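Asker: Here it is, the structure in full.
No value in this document is a laboratory result; all are computed from the given coordinates. These figures come from a predicted structure and were not determined experimentally. Cβ atoms come from the backbone with ideal geometry, glycine included; neighbour counts cover every protein chain shown.
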Amino acid sequence: MGLLLFDFDGTLAETSKISEMAAMDVFEQFGYPAPTLAQLQNDRGKPHIVKFTGYLNNSLSEKEMATFMAAFWEIYEKYEQLLLEPYDLARESLEELKGNGHRLGVVSNKASKALLRNLAAVDLLDLMEVVIGSDNVDQYKPNPEGIYRAWEEIPTDRKDTLMIGDTIYDMQMGKLAEVRTIGITWGGSSCEQLLAENPDRIAHTFVELEIIIANMLNEYVTF
């Protein structure tokens, strides 16, 4: 059985509109030029603090940036109460995978407070044995530190670990950690963008994902 590490945003739940609306609002609130929708969509998968620091040309002090981010997450939480929703069959598929003996976790570029709250809101937190957010690591995706941190809590061989996500950063992180990767196409990246990162497999539905996981991990079973 394997350790299945999932991204959250765009992989287990739809959050893009929440992020985009909260970003637009916080930039307006502080009177800064807002990023375009195209910029926000192109930067999906990056930590919010990294995106926002770039949009602001690194012009804020550490204290000012902390105030800005606190305001963003406050707005984000209000929108998530209206718009956050899991993808169809997410719970059912994860329950089946866990029932088959796999251990489940999340490695995300989202701040852990919001990540844990979101996982609970979409009824997935109880299925996860490890949850790694952006503030639990020193280096964000695509750096593989998040996977290494997951291994500290659930020691697992590389060959038995799969990284599953919707962005190029998930695929890059998996490759840097020398684990196999599965790109999913219902999130923020197109199939073409994911294929450019040479994932081991591509899944278009949760049902297909379950089949792919079974096949990939069975490759190492000997009789």
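Asker: Under a point-charge model restricted to the Cβ atoms of Lys and Arg (+1) and Asp and Glu (-1), what is the dipole moment magnitude of the stretch 41-124 relative to its Cα centre, in debye to the nearest 20?
Answerer: Rounded to the nearest 20 debye, it is 300 debye.
Asker: Could you give the distance between the Cα centres of the stretch 150-223 and the stretch 45-122, to the whole Å?
Answerer: Distance between centres, Cα-based: 20 Å.
Asker: Also: Based on the Cα atoms of the chain, what semi-axes does the equivalent ellipsoid have, where each is the square root of 5 times one gyration tensor eigenvalue, given in whole Å with the largest first?
Answerer: Three semi-axes, in Å: 31, 17, 16.
Asker: Can you give the relative contact order of the chain as a percent, counting alpha carbon pairs under 8 Å and 6+ residues apart?
Answerer: Computed value for the chain: 25 percent relative contact order.
Asker: Oh, and also: P(r) for the stretch 16-83: what percent of alpha-carbon pairs falls in each 10 Å bin, starting at zero?
Answerer: 21, 59, 19, 1
Asker: With 10 angstrom as the radius, rank 204, 48 by how many other C-beta atoms surround their C-beta, starting from the fewest.
Answerer: Lowest count first: 204, 48.
Asker: Taking the Cα centre of the chain as origin, sum charge times position over the Cβ atoms of Lys and Arg (+1) and Asp and Glu (-1), and report the length of that vector in debye to the nearest 20.
Answerer: It works out to roughly 360 debye.
Asker: Give the residue from 50, 60, 21 lying farthest towards the positive end of the charge dipole for the stretch 16-83; charges sit on Cβ (+1 for Lys and Arg, -1 for Asp and Glu) and the dipole is referred to the Cα centre.
Answerer: Of the listed residues, the answer is 50.
Asker: Sequence gap at least 6, Cα distance under 8 Å: using those rules, report the relative contact order of the stretch 16-83 to the nearest whole percent.
Answerer: Once normalised by length, the contact order is 51 percent.
Asker: Sort 36, 53 so the one with the fewest other Cβ atoms within 10 Å of its own Cβ comes first.
Answerer: By the 10 Å Cβ count, ascending, the order reads 36, 53.
Asker: Related question: Taking only Cα atoms and a 10 Å spring cutoff, compute GNM fluctuations for the chain and point out the largest among 59, 134, 189.
Answerer: Among 59, 134, 189, the largest mean-square fluctuation in the Gaussian network model of the chain belongs to 59.
Asker: Assign one of three labels to the stretch 110-223, namely rounded, prolate or oblate, based on the Cα gyration tensor with a ≥ b ≥ c the square roots of its eigenvalues; rounded applies when a/c is under 1.5, prolate when it is not and a/b is larger than b/c, and oblate otherwise.
Answerer: Note, shape of the stretch 110-223 comes out rounded.
Asker: Please work out how many pairs of lysine residues in the chain are eight or more positions apart (or on different chains) and have Cα atoms closer than 22 angstrom.
Answerer: Eligible lysine pairs with Cα atoms under 22 Å apart amount to 28.
Asker: A further question follows. Can you give the charge dipole size of the stretch 16-83 about its Cα centre, rounded to the nearest 20 debye, using +1 on the beta carbon of Lys and Arg and -1 on the beta carbon of Asp and Glu?
Answerer: Dipole of the stretch 16-83, to the nearest 20 debye: 200 debye.
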